[in-house]
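Values quoted throughout were computed directly from the atomic coordinates according to the rules given, and no laboratory measurement underlies them. Since the structure is predicted, the reported quantities are computational estimates derived from the model, not experimental observations. When we count neighbours, we look across all protein chains shown, and the Cβ atoms used for this are built from the backbone with ideal geometry, even at glycine.
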Amino acid sequence: MGAAVAAVIVAKERRIVEQFRNAGATSPQLARTTQDVGVYEDIGFMRLRRHEVIREANPGFFYLDEPVWIALRRTRRRIAIVVVAIAIVLSAGTALGFFTLK
């Protein structure tokens, strides 16, 4: 269930990023309000703000920091690869009898 919730939030973040791109709000000089961009200040928006993907140029005016978004996606991808690799090693080790689960 937790993975499904995380997937929904990540999808929401992607939509928000795309909306900022489509609105052209990609630099401090081109910052727009959330109403102009068509986004709500929901959990996806707040997570992007916390990661500084969406930045506030002036009070109420926000823009997409594309390099930060790319770095965040790269980091998430690396974490996912490590988690999958660990799961594979543990599964293989268990199947071959190297580890026992109690």
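So which residue, out of Ile79, Ile70, Ile54, gets the largest mean-square fluctuation from a GNM of the chain using Cα contacts under 10 Å as springs?
Ile79
Ratio to report: Rg/Rh of region 1-49, with Cα atoms as the point set and Rh obtained by the Kirkwood method; give two decimals.
Numbers: Rg = 11.7 Å, Rh = 11.3 Å.
Expressed as Rg/Rh, it is 1.04.
Choose one of Ile16, Phe45, Gly2: the residue whose Cα lies farthest towards the positive end of the charge dipole of the chain (beta-carbon charges +1 Lys, Arg; -1 Asp, Glu; about the Cα centre).
Gly2
Give the Rg (one decimal place) followed by the Dmax (whole number) of the chain, computed from C-alpha coordinates and expressed in Å.
So, for the chain, Rg and Dmax equal 18.6, 60 Å respectively.
Any idea what the dipole of the chain comes to, in debye rounded to 20, about its Cα centre with Lys/Arg Cβ at +1 and Asp/Glu Cβ at -1?
Working: 15 positive and 9 negative charges, 85 e Å.
Taking the Cα centre of the chain as origin, the dipole is about 400 debye.
Could you pull the Rg and Dmax for region 34-74, using just the Cα atoms, both in Å?
Rg, Dmax (Cα atoms, Å): 10.1, 29.
Among Ala95, Ala31, Ile54, whose Cα lies farthest out toward the positive end of the dipole of region 2-95, if unit charges sit on the beta carbon of Lys, Arg (+1) and Asp, Glu (-1)?
Highest projection toward the positive end goes to Ala95.
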